[in-house]
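The values are calculated or read from the model by the stated rules, or taken from the named source; none is laboratory data. These figures come from a predicted structure and were not determined experimentally. Because the Cβ atoms are built from the backbone with ideal geometry, glycine has one as well, and the counts that use them run over all protein chains shown.
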Amino acid sequence: METLTIIKVGGNVIDNERELSTFLHLFSALKTPKLLVHGGGKIATELSKKLGIHPVLVEGRRMTDAETLKVVTMVYAGLINKSIVAQLQALHTNAIGICGADGNCIPATKRENKGIDYGFAGDIEYNKINALFLQQLLNNQYTPVVAPITHDGKGQLLNTNADTIASSLAKALSKLYKIQLLYCFEKPGVLSNANDENSVIQKINKKLFEQLKQEGVISGGMIPKLDNAFDALNAGVESVLIGEAKQLLQTNTHAGTKITLS
């Protein structure tokens, strides 16, 4: 099967114009078929605060009430998505910006949790993803740029964690491609000391992950990122790396943190 590189970009890369420009140049230079999933939580948080909406996060996941949903839809599927597409077009990458409602590519269900009301947060069953639609785009030389907004098939948009979307797309498309999943952000990898960028943990398996969570070394948004990485590997994705875009996209196989099952 052909190799497909799925990249999720977030963190300060999205917030920093220079970092984003550097990332998009590297992304455009990839010769293999590629798909980009982006976040943008900090920009959504800043706009929410300006509008008097105070974001609430639980274990790195945003609680999405009706007003917050309006903001994240505008920011993710509008401002950030189309800005990235325009920059990629300038780099001669024929990008097409979509969210989960487009082409019915990412159906989701509203999250039900008896203990916590996440509001309009969406959960994905990856086997319901319209992988053939995405394959059609790729076959026609389009590069999909996916915003983290999904839908329930009944007219309701839902906010879904971008790391989850990247993992779910990787799992769905692993039936059609050899998938390399990269989580790119501003750090060189998962760090054992958040204040020391030389403390990259080169390899994390499930046992070590549970240990590092208990010790508080891994917390916040890194927890769902790693949960999704392990889910992807369990479903047949070939490799998952987490780290700085500049290193991972320059085919340095020793860069970042490699996630493994054992």
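Structure above, values below:
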{"quantity": "Among the residues listed as 169, 157, 137, the single one being surrounded by 23 or more Cβ atoms within 10 Å (Cβ to Cβ), closer than 18 Å to residue 81 by Cβ and not β-branched (Val, Ile, Thr)", "calculated": "169"}
{"quantity": "Tally of residues being within 18 Å of residue 240 (Cα to Cα) and in a loop (DSSP other than H, G, I, E, B) across segment 12-38", "calculated": "3"}
{"quantity": "Enumeration of residues in segment 34-51 that are surrounded by fewer than 19 Cβ atoms within 10 Å (Cβ to Cβ) and either among the aliphatic types (A, V, I, L, M) or modelled with pLDDT of 90 or more (or both)", "calculated": "43, 47, 50, 51"}
{"quantity": "Leading residue by the ranking (surrounded by the most Cβ atoms within 10 Å (Cβ to Cβ)) among those in segment 175-218 that are closer than 16 Å to residue 231 by Cα and of a type in the set (A, V, I, L, M, F, W, C)", "calculated": "181"}
{"quantity": "First in segment 110-124 and touching a residue at least 60 places away in the same chain (Cβ under 8 Å), second anywhere and of a type in the set (Val, Ile, Thr) and surrounded by 15 or more Cβ atoms within 10 Å (Cβ to Cβ), Cβ under 9 Å, 6 or more apart", "calculated": "118/64; 121/64; 121/160"}
{"quantity": "Index of the failed condition, residue 73 passing every other in (1) at pLDDT 95 or above; (2) closer than 13 Å to residue 9 by Cβ", "calculated": "(2)"}
{"quantity": "Selected residue (criterion: modelled with the lowest pLDDT) from residues of segment 79-121 that are outside any loop (DSSP other than H, G, I, E, B), buried (at least 18 other Cβ atoms within 10 Å of the Cβ) and touching an Asp or Glu at 6+ places or on another chain (Cβ under 8 Å)", "calculated": "119"}
{"quantity": "Count of residues meeting criterion [assigned to a helix (DSSP H, G or I) and either in contact with a helix residue (DSSP H, G or I) (Cβ under 6 Å, 6 or more places away or on another chain) or in contact (Cβ under 8 Å) with a residue 12 or more places away in the chain (or both)] in segment 39-56", "calculated": "6"}
{"quantity": "Whichever residue in segment 63-77 is assigned to a helix (DSSP H, G or I) and in contact (Cβ under 8 Å) with a residue 60 or more places away in the chain and, among such residues, is surrounded by the most Cβ atoms within 10 Å (Cβ to Cβ)", "calculated": "72"}
{"quantity": "Candidates 179, 165, filtered to the one that is more than 25 Å from residue 44 (Cβ to Cβ), of a type outside the set (Phe, Trp, Tyr), touching a residue at least 40 places away in the same chain (Cβ under 8 Å) and in contact with a Lys or Arg (Cβ under 9 Å, 6 or more places away or on another chain)", "calculated": "179"}
{"quantity": "Filter pass, residue 42 being among the charged types (D, E, K, R) and within 15 Å of the chain's Cα centre (by Cα)", "calculated": "yes"}
{"quantity": "Odd one out for residue 130 among (1) under 30 Å from residue 217 (Cα atoms); (2) surrounded by fewer than 19 Cβ atoms within 10 Å (Cβ to Cβ)", "calculated": "(1)"}
{"quantity": "Spans of helices (runs of 4 or more DSSP H) in segment 125-241 with at least 3 residues of a type in the set (Lys, Arg)", "calculated": "206-215"}
